[in-house]
Amino acid sequence: MLTKLINPFRFIAGFRALAAGVLVILVTAVLAYFSNTHFPDILSVKISGDLPFWFLVSQGAGNWFIVSVVLYLTAVIASPSSVRLVDIFGTQALARFPYLPAAGIGFFGSVEKFGQYVLWENLGMGDGPVAMAGWEMGFAILLMMLTILLSIWLVALMYNAFKISANLKGAKSGGLFILGFIVSIVLTRLFSNYLLAGLV
């Protein structure tokens, strides 16, 4: 069971993974729209209200497309065997699954409220004092811990998807993935900034 959770790509790849992954990205965008959540790069989860649906679809698709291109080019250069484009794109799309439940975290206002509370209490930033009950703080911290766990799960899925699709093993696969991951974070952040500029 654990293997299927962190490495389902032994059982699903290619066009099946691509179809399932694209569906995951679209449903995530729908949830993110109603929960005021967005993903400014391939790893970050942010709460931000009033973003249009087209923006969230574009952001989700852009995050997936950019990381898939970067990892595909990395695999083509480094892999001793041939690499199928559909395998990289399909498995990386499906690897976005942990951020489907992460998109629902924005439905709970406690995380945003906790952020406002911390900013006011520690930095004096915000519109004024924010009152929070102890249970609200505890719930907000629990949700943030859940987000961290989902992020770890996402990275594990992305790595296993890359390793299997690129037919790479050991330290080589890990090093190349980290490089591609960092490049992808930078590029997806730039892409999100570009989308945000279009809202002004």
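Here are the numbers for the structure shown:
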| item | result |
| --- | --- |
| Qualifying position, being part of a loop (DSSP other than H, G, I, E, B) and among the polar types (S, T, N, Q), among SER68, SER82, SER58 | SER82 |
| Among residues of region 85-104, those that are open to solvent by 10 Å² or more (accessible area, probe 1.4 Å), part of a helix (DSSP H, G or I) and among the hydrophobic types (A, V, I, L, M, F, W, C), counted | 5 |
| Residue check, VAL86 within 14 Å of LYS163 (Cα to Cα) and either at pLDDT below 95 or not acidic (Asp, Glu) (or both) | no |
| Qualifying positions in region 33-76 - under 30 Å from LYS169 (Cβ atoms) and surrounded by fewer than 19 Cβ atoms within 10 Å (Cβ to Cβ) | LEU43, SER44, PHE65, VAL69, LEU73, VAL76 |
| Residue match in region 153-172 (condition: open to solvent by 70 Å² or more (accessible area, probe 1.4 Å), of a type outside the set (S, T, N, Q) and over 19 Å from THR3 (Cβ atoms)) | yes |
| Verdict on ILE148 being open to solvent by 20 Å² or more (accessible area, probe 1.4 Å) and either modelled with pLDDT of 95 or more or under 19 Å from ILE6 (Cα atoms) (or both) | yes |
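The values are calculated or read from the model by the stated rules, or taken from the named source; none is laboratory data. Computed from a predicted structure; not experimentally measured. Heads up, the Cβs are rebuilt from the backbone with ideal geometry, glycines too, and the neighbour counts pull from every protein chain shown. Keep in mind that these areas ignore ligands, DNA and RNA; they rest on the heavy atoms of the full protein, side chains included. Shrake-Rupley method; radii C 1.70, N 1.55, O 1.52, S 1.80 Å.
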